[in-house]
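A.B. asks: Below is one structure. I have some questions about it.
Bear in mind these aren't lab numbers, they're just calculated from the coordinates by the rules spelled out. It should be emphasised that the depicted structure is a prediction, and the values quoted were computed from it without experimental measurement. Using ideal geometry, Cβ is built from the backbone for each residue, glycine included, and neighbour counts are taken over all protein chains shown.
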């Protein structure tokens, strides 16, 4: 369960994780000069930023596909119009 800490705008979360993952977090936290808690928060925040970037790339990809379809249709129409001349 999560405990609320109203004064600081934070909550405390208890989580279980594999020992190997904890060791990796501990090692990386030490390399960064952070606590394990700070390392976990840093990684969580980075994952949300990555999700946002991937969503934007997906949006651009969709827009590119639509643009390519319109361009294909325009070229096809132009080719048919030239053939009719």
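A.B. asks: Roughly speaking, what is the stretch gain from residue 77 to residue 21, that is 0.36 nm per residue apart minus the C-alpha to C-alpha distance, in nm to one decimal?
C.D. replies: Details: separation 56, 0.36 × 56 = 20.16 nm, distance 5.79 nm.
Here the segment from residue 77 to residue 21 would lengthen by 14.4 nm.
A.B. asks: Next question, about the same structure. Multiplying the sequence separation of residue 57 and residue 28 by 0.36 nm and subtracting their Cα-Cα distance, what value in nm do you get? Don't jump to the answer; show the numbers that get you there.
C.D. replies: Numbers: separation 29, 0.36 × 29 = 10.44 nm, distance 2.88 nm.
Going from the current span to full extension adds 7.6 nm.
A.B. asks: So, one more: What nm distance separates the two modelled labels at residue 68 and residue 35, each placed 7 Å from Cα along Cα→Cβ?
C.D. replies: 4.9 nm
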